[in-house]
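Inspection log for the structure reproduced underneath, given as structure tokens.
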Amino acid sequence: MDKFRMIFQFFQSNQESFMNGICGIMALASTQMYSAFDFNCPCLPHYNLAYGLGILLVPPFILFLLGFVLNNNISMLAEEWRRPQGQRGKDPAVLRYMFCSMAQRAMIAPAVWVSVTLLDGKCITCAFCTSVPVETLGNASHPHLSQGEIQRVLARIPCKEIYNGQQLIANEVAVRYLRCISQALGWCFVLLMTTLAFLVRSLRPCFSQAAFLKSRYWSHYIDIERKLFDETCAEHARSFAKVCIQQFFEGMSTDLVAARCHLPRKAPADAGEAAEKLLGITDQGTMNMALKSWHRCKPPLHLHPPALPAGNGWAGEGQLPTHPSAPRKETAAYYSWV
């Protein structure tokens, strides 16, 4: 149980580890889905190819899309791509890194499905059973069958219980021939995927390590910034709801006292703390303006000491006080016009 807890904590440590765990679970799920899938070839000349290639290619496409859906960064990528320019520029390299990272993880489950399907051989046997070289493996000079009848007989090779062409070609020979080809393709596919992954992991730092580090850093920054913004909005909403509820009950208590219903009144201890967390935003219109401002003109990525407020705006932004002052701890703050 402790090992599972440690694995779960590792998956929750950061976004990348979490998505790696999701992709691993999807890869295991794809193998379980294929093992539980009841493969039934139609054994008809015009349907075998469509059915076999459909089972080989359609589920990987669905798993690929599912990998994008389960990735939390897809909404962040779309938001960053579609947002207005504002006060912060959009870096195409960061967007490309985020998309490539999601695509690489989403390809794991489809690659596992294709590998398992090719190594099993049922799809290739069903799809290409009519292409078995009868001249080499069987008796091509069968006198009682036309070309169309031969195709119908070969189409029944995956269905051993209804196959009636033993005089043309043995069922075991045809199945073994197609399965060997399928397994060869499967191992070539596994080798190709492994080689590509090795080249991407090993050769990428040799050419663009600095650009890769910058893209990776700002991709993580966008993810962390979004999480902190959501947490701040949730904390503000909680404080806003708490103050609204407290004011409602205080108003009800005042009305009851006016109606000569004397009730004990006790000031809430955390009313002041909840009001401080509102940060001066105490109505719905102002909050909506703040949210729109965050979307339209995100603050630039430049840390500076907070400016002194003056009137209804910020005076002296970007200027330091002229008189000497005691050393103080600098804080990072973002400002945007609301």
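The values are calculated or read from the model by the stated rules, or taken from the named source; none is laboratory data. Remember, predicted model here, so these are calculated numbers, not experimental data. Using ideal geometry, Cβ is built from the backbone for each residue, glycine included, and neighbour counts are taken over all protein chains shown. Only protein heavy atoms, including side chains, enter the accessible area calculation; ligands, DNA and RNA are left aside. Shrake-Rupley method; radii C 1.70, N 1.55, O 1.52, S 1.80 Å.
When restricted to residues that are without any contact (Cβ under 8 Å) to a residue 40 or more places away in the chain and either polar (S, T, N, Q) or loosely packed, with under 14 Cβ neighbours inside 10 Å (or both), region 66-78 contains 3.
Let's see how each residue does on (1) open to solvent by less than 60 Å² (accessible area, probe 1.4 Å); (2) within 30 Å of Ile281 (Cα to Cα); (3) free of Cβ contacts under 8 Å to residues at least 24 places away in the same chain:
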{"site": "Ile150", "(1), (2), (3)": "yes, no, yes"}
{"site": "Pro158", "(1), (2), (3)": "yes, no, no"}
{"site": "Ala184", "(1), (2), (3)": "yes, no, yes"}
{"site": "Cys188", "(1), (2), (3)": "no, no, yes"}
{"site": "Arg201", "(1), (2), (3)": "no, no, yes"}
{"site": "Ala211", "(1), (2), (3)": "yes, no, no"}
{"site": "Arg216", "(1), (2), (3)": "no, no, no"}
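Of all residues in region 109-138, those satisfying the criterion of being in a helix (DSSP H, G or I), under 29 Å from Arg152 (Cβ atoms), of a type outside the set (Gly, Ala, Ser) and open to solvent by less than 20 Å² (accessible area, probe 1.4 Å) are Thr117, Leu118, Cys123, Ile124, Thr125, Cys126, Cys129, Val134. Take the residues in region 170-222 that are modelled with pLDDT of 85 or more and hydroxyl-bearing (Ser, Thr, Tyr), then tell me which one is nearest to Pro158 (Cα to Cα). Once the filter is applied, the top-ranked residue is Tyr177. Count of region 59-108 residues, restricted to those that are more than 15 Å from Gly24 (Cα to Cα), under 9 Å from the mean Cα position of the chain (by Cα) and not in a helix (DSSP H, G or I), is 1.
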